[in-house]
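The values are calculated or read from the model by the stated rules, or taken from the named source; none is laboratory data. Source: prediction; values computed, not measured. Positions of Cβ are generated from backbone atoms using ideal geometry, with glycine treated the same way; all protein chains shown enter the neighbour counts.
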Amino acid sequence: MHKLLSLSLLTLSLGVGSLSAQNGSRIMTIEEINAGTFSARPAGRGMRSMSDGLHYTMMDAGHRAILRYSFATGKLIDTLFSVDRARDCEFKHFDDYLLEPKGHHILLITNQESIYRRSWKGNAYHYDVRRNRIEPLSQEPGKVMIPTFSPDGKMVAFVREGNIFIKKFEFDTEVEVTNDAARNKVMNGITDWVYEEELETIQLMSWSEDSGYLAFVRTDESEVSEYSMPMYGEGQYPTSYTYKYPKAGTPNSKVSLHIYNVTDRSRKEVSFRDGAPYYIPRITFVGREGQLAVFTLNRQQNHLRLFYVQNKTLLPKLILEDKSKTYVDSHNITWCRFIPTGFVYPSERDGYRHLYHYSDKGTLLRQVTTGKYDVTDFYGADAAGNLYYQAADESPMTRGIYRIDPKGKRTTLHPEKGSNQAIFSDSFAYYISIFNNTTTPTRTAVYATGSLKPLRILEDNQALQNKLAQYKVSPKEFITLTNAEGQEMNAWVVKPHGFTPSTKYPVLMVQYSGPNSQQVLDQYGYGWEQVLASQGFVVVCVDGRGTGARGEEWRKCTYLRLGVKESADQIAAAKALGRLSYVDPSRIALWGWSFGGYNTLMGLCHGQGTFKVGIAVAPVTDWRFYDTIYTERFMRTPQENPEGYKASSVLEVAGNLQGKLLLIHGSADDNVHVQNSMDLAELLVQRDIPFDMAVYTDKNHSIYGGKTRDHLYKKMISYLRTHL
């Protein structure tokens, strides 16, 4: 027998800023929200710690200069680069920059162009600080990717059209490291689409600490199937964009590891005793004895191995293995840090993600953090062996920053409860605190590590607070809901303006629900829920099973059957909400984007009329259509898990869909292909199930550009007003 669904309220204290904002008279509009009117200002563009640990740099407001500041005093020390002062400077502003550790060279990036979610290419210029002269990094045409200084500062490696080159400043020469690249076939040092999207890496290239060797991964995607999208543009005929996209169960790129000797220009492949690794998600020289750390994963992503490869012998030595009954989270690889006494690796071996300190031989020295909470980021270690990390220990909905010493004594570094991030100086003597919560726009301040009194405020967003005071704002109230299994789920509620408990309101449930995601967080941000609140809607967001910061069991319980428990929890939450005095249970809608769009469809197909309306934006409709790394991490391959794919497919249960449906997709979505929505649309048509659909021409997964976002959100609001 199922336990009764229940709802309990948590207390949310409101700050002065939000109270005054609540008393304003102006109503937020979709145009204002999409334009970023209520977004918090960051402290500075391109803020970086310098290698001395005492100074940081940032670009000026016009992107015309690089300025150096003191961490301790905040004073402007000098200008490292200026377009007005540099000799032979051909450009008037720049998009980004890279500093050489010794300070003798700077790279300036102009005309930066996004490729996919994280990758970019741009025109690169070399600024010789001592000569005050700027010149193109290369005399050859073409934008460059992942420019990377050698540790001695005398060279920079970069990728152009898939091949690696090295620019040697002392000799003003450019050396070709590889020459076998071809689009949609071979690339070197950079990653393919699926590595970038799902392993969150765009660079597989690393310098040895003595600058004598460059390690890189060669990616051969020749056997990966192509996906083509029509691009309509403005011409008489559409063009076609074609790229390699491996779908669940199909071949991935083949990867191989190579080490290039800068002195003799030789290049050798590293051989592994049991064959080439299936995935190589990260390589990095550890900073001593020429040891290259190489992380590998099997296709099921449940067996991670860390090898050390000496750059002269090229012999891989197994240092660490991490195995899981489900999968090894890729963030464990990303957050692993190599420190003077070995390395710190995050693992979920005790049921929560914690930090473990290992020697270079792979011997476990100690478990650094313990408790029933997840570490959510790891920043590194200082010279004294203190470790710095972020954790969700106060609540899954908050993030705190901590230092822990070699004896296990922990020091809190964050100023207030809410969402806390930190950018540490290279020496860890100072850090930049980035704090916000639901009632406080982002505050950025500089601290001396160990003190909770800021040295100075870089940005307090007081101007935004003053602006918010003019608006009628409905604050988020945190609540908990209990699912059909008796487990509590975190949620927030935004109530309508002029709310009265005796009125029955329509409800929109917004959610994402994907593995290790979180939407219910104590963090600042205003979205379309405020517009809906002004039009008489209650808006609710629920983080059900599978979401983050609640331990491995909660996070991974959806393994092999995505969408089943996630949609069940949204259905259970809707039923619980329907029993509240101010909710009309016959007028509840479900909305989501990407995985949230998929879960919306699962909710409508399994909810038996629980939801009157559903809006699904850019949804997956069958996991066979999605990429290998993401899908197989949670589902394995369709060949291994046919029943799980069937249970997780919207297409299998489309005939059970109940409620009004608005299906939305961008025609040029490189992530979740429009094929997903087209196949669902055809099934619904053939089953004579009415639905509404909107396709946005040449728009990608984010569906933006020009007036697109305004049109999209106005359409969704109109749909809710009409049908809910």
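Observations on the model:
- Pair list, Cβ under 6 Å, 6 or more apart: region 549-562 residue in contact (Cβ under 8 Å) with a residue 24 or more places away in the chain, other residue surrounded by 18 or more Cβ atoms within 10 Å (Cβ to Cβ) and of a type in the set (Phe, Trp, Tyr): 551/352; 562/634
- Filtering region 702-724 to residues that are under 30 Å from the mean Cα position of the chain (by Cα), at negative phi and small (Gly, Ala, Ser) leaves only 702.
- Residue list for region 675-724, filter: touching a residue at least 24 places away in the same chain (Cβ under 8 Å) and among the β-branched types (Val, Ile, Thr): 689, 695, 697, 703, 717
- Lone qualifier among 517, 581, 567 - being small (Gly, Ala, Ser), touching a Cys at 6+ places or on another chain (Cβ under 9 Å) and at negative phi: 567
This table checks each residue for (1) surrounded by 16 or more Cβ atoms within 10 Å (Cβ to Cβ); (2) in contact with a helix residue (DSSP H, G or I) (Cβ under 9 Å, 6 or more places away or on another chain).
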site	(1), (2)
245	yes, yes
260	yes, no
267	no, no
276	no, no
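- Qualifying positions in region 692-724 - farther than 23 Å from residue 539 by Cα and among the aromatic types (Phe, Trp, Tyr): 696, 704
- So residue 385, is it at pLDDT 95 or above, touching a Pro at 6+ places or on another chain (Cβ under 8 Å) and not basic (Lys, Arg): yes
- Helices (runs of 4 or more DSSP H) completely within region 523-590 that count 2 or more residues being more than 16 Å from residue 491 (Cβ to Cβ) and of a type in the set (A, V, I, L, M, F, W, C): 528-534
- Residue match in region 176-183 (condition: crowded, with 20+ Cβ neighbours inside 10 Å and either free of Cβ contacts under 8 Å to residues at least 12 places away in the same chain or under 26 Å from residue 47 (Cβ atoms) (or both)): no
- Residue among 393, 360 that alone is closer than 27 Å to residue 479 by Cβ, in contact with a Gly (Cβ under 7 Å, 6 or more places away or on another chain) and not in a strand (DSSP E or B): 393
- Enumeration of residues in region 664-714 that are surrounded by 14 or more Cβ atoms within 10 Å (Cβ to Cβ), charged (D, E, K, R) and in a loop (DSSP other than H, G, I, E, B): 669, 670, 698, 699
- Per-region count, region 37-63, residues in a loop (DSSP other than H, G, I, E, B) and farther than 20 Å from residue 112 by Cβ: 11
- Residues of region 448-489 satisfying the condition of being assigned to a loop (DSSP other than H, G, I, E, B), more than 29 Å from the chain's Cα centre (by Cα), modelled with pLDDT of 95 or more and not aliphatic (A, V, I, L, M): 470, 472, 485, 486
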